[in-house]
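To start, the structure itself, in structure tokens.
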Amino acid sequence: MIEVRNLSKSFNGTSVLRDVSVTFHTGKTNLVIGSSGSGKTVLLKSIIGLHEIEEGEILYDGREFTKLGFKEKKEIRKEIGRLFQGSALFDSSTVEENVMFPMDMFTDMTFEQKLERANFCLQRVNIINKNHLFPSELSGGMKKRVAIARAIALNPKYLFCDEPNSGLDPQTAILIDALISEITHEYNMTTVVNTHDMNSVMEIGDKVMFIYNGQKYWEGSNNDILNATSTELNDFIFASNLAKRIKENM
Amino acid sequence: MRFLHDFGHYCLFISQVFTKPEKTRLYYKQTVKEIEKLVIDSVGIVIVISIFMGAVITLQTRYNLENPLIPLYLIGLTARDTMLLEFSSTMVGLILAGKVGSSIGSEIGTMRVTEQIDALEIMGVNSASFLILPKITAAVFFNPFLTMLSMFVGIFGGYLACVFTGALPPVDYVYGIQYWFIPFYISYALVKTVVFAFIITTVPAYYGYYVSGGALEVGKASTRGVVFSSILILLANLILTELILAK
Ligand SMILES: Nc1ncnc2c1ncn2[C@@H]1O[C@H](COP(=O)(O)OP(=O)(O)O)[C@@H](O)[C@H]1O
Ligand SMILES: [Mg+2]
């Protein structure tokens, strides 16, 4: 469980996040939704400590991340898997080396053990016999899947995904979403997913938080979201005319 | 003021780079890769350029010393000393600043804008040290070999010029390159090479590391890295020459 309490963040005096409090539950895919520029990425980066925050507390299963020293933060970071918007695979390493990298860096496993684990993770995301290809030789969806394999290589307790299906066709996007959701339930991880894709919300949103202009406006599950009364949220969900008409006839 | 700010920022960056690698084995592995990318892959261009420059320096000196009173072997001596003192360290340094500097700048810059550096950081890796220390090690310890290679090949280029153009008898050239040889010139060139290697790797890396935006910004940062490292090489050359050679 990750608890965020009264988090505020600004850049050079421009406030980006204001007093955000939210709880992300274990074994669930927790979605953070909101339009482009609403502060999703900044929230995610603040939670994992890539941004310094001005105010607020972040607790990883009761451990207060913000108060920890460099060493202890690093221990928590080893429990975090992170999936980036553009995959962020290392260009100069092969698929296999990418997945083995966290193990190279943080474990004393032998090469055979690392390879076995890497192959296990790659199989889990359905990447088979691609070990020696480079990221530039993979399609967007395959890159995402390799990135997921790398993110779960060290058996993380927490998984953060920033717009995991951006730039993918709708079918592949759903596959990636489903994969993230399955893995979360399978390994009982606390997963946080940033997205502005309503398909993802309906498919995998165990718990959804809506952020608007740096503030939390709504929180609930994908079952309640269509009946929410928040105007901002409704404007976001029913952005297109088609969706608006459907809503009116609901 | 802007310059002071950048310089301070650069120094902080360097102090971040010079921290103990977390995994020594991984560090050695990276260093070997970098030796291949930065040093071995530059052997070709160093040979080609040095051979031609050695030849041209010899021919130029020959045409400028069209005086029967000057012994011909002095041409060999001049060509040799030009190679040892300036060309093999400074010119090769500038060429490598272009070749190696732009590749480092765009490599690190691309890693920044595609979030590869963030990926390292979030894993708890000191990305500056992990990515850049192996490059510095490779260049600082192995560029001196490129410089020595350039010296040999350049002097040989001068010899070829003598053989093929008949500008002066090869015997005189060979006598000249052996005449009054000062070994200290080589140490001087190697000291310069080490300083230049440090500049060539760290300055473009610095510009790449702090880039933000997209491909366009990466290109600009990598160009800026090359321009700045070239300027710094020329400055350092002036200062080192004054410090080491001035009597
Ligand atoms: N490093 C930064 N410096 C200054 N402003 C930033 C920075 N990162 C994000 N912002 C600003 O914060 C706001 C939220 O951005 P972001 O979290 O990336 O939005 P999104 O919800 O699309 O992920 C934007 O207005 C953006 O301009
Ligand atoms: Mg974003």
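Since every read-out is calculated from the coordinates, none of them should be taken as a lab result. The model shown is predicted, which means the values in this text are computed figures rather than measured ones. Positions of Cβ are generated from backbone atoms using ideal geometry, with glycine treated the same way; all protein chains shown enter the neighbour counts.
Below are the figures for this structure:
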{"read-out": "Subset tally (residues that are within 14 Å of chain A (Cβ to nearest Cβ) and either buried (at least 22 other Cβ atoms within 10 Å of the Cβ) or in contact (Cβ under 8 Å) with a residue 60 or more places away in the chain (or both)) for the range B:77-122", "value": "15"}
{"read-out": "Looking only at the range B:212-225, and only at residues there that are surrounded by fewer than 24 Cβ atoms within 10 Å (Cβ to Cβ) and either within 16 Å of ligand 2 (Cβ to nearest atom) or of a type in the set (A, V, I, L, M) (or both), the one that is farthest from the other protein chains (Cβ to nearest Cβ)", "value": "B:Leu216"}
{"read-out": "Unmet criterion (only one of (1) within 16 Å of ligand 1 (Cβ to nearest atom); (2) outside any strand (DSSP E or B); (3) among the polar types (S, T, N, Q)) for A:Ser15", "value": "(2)"}
{"read-out": "Count of the range A:1-42 residues which are surrounded by fewer than 18 Cβ atoms within 10 Å (Cβ to Cβ) and within 16 Å of ligand 2 (Cβ to nearest atom)", "value": "4"}
{"read-out": "Pairs, first in contact (Cβ under 8 Å) with a residue 40 or more places away in the chain and closer than 20 Å to A:Met1 by Cβ in the range A:29-46, second within 9 Å of ligand 2 (Cβ to nearest atom) and part of a helix (DSSP H, G or I), C-beta under 7 Å, six or more apart", "value": "A:Val32/A:Lys40"}
{"read-out": "In the range A:148-162, residue nearest to ligand 2 (Cβ to nearest atom) [restricted to those that are surrounded by fewer than 22 Cβ atoms within 10 Å (Cβ to Cβ) and within 12 Å of chain B (Cβ to nearest Cβ)]", "value": "A:Pro156"}
{"read-out": "Failed item in (1) within 13 Å of chain B (Cβ to nearest Cβ); (2) surrounded by 24 or more Cβ atoms within 10 Å (Cβ to Cβ); (3) within 16 Å of ligand 1 (Cβ to nearest atom), with A:Gly167 passing the rest", "value": "(2)"}
{"read-out": "Some residue of the range A:43-52 being more than 13 Å from chain B (Cβ to nearest Cβ) and either within 16 Å of ligand 2 (Cβ to nearest atom) or part of a helix (DSSP H, G or I) (or both)", "value": "yes"}
{"read-out": "Selection status of A:Gly81, facing another protein chain (nearest Cβ under 10 Å), under 21 Å from the mean Cα position of the chain (by Cα), within 16 Å of ligand 1 (Cβ to nearest atom) and under 25 Å from B:Met111 (Cα atoms)", "value": "no"}
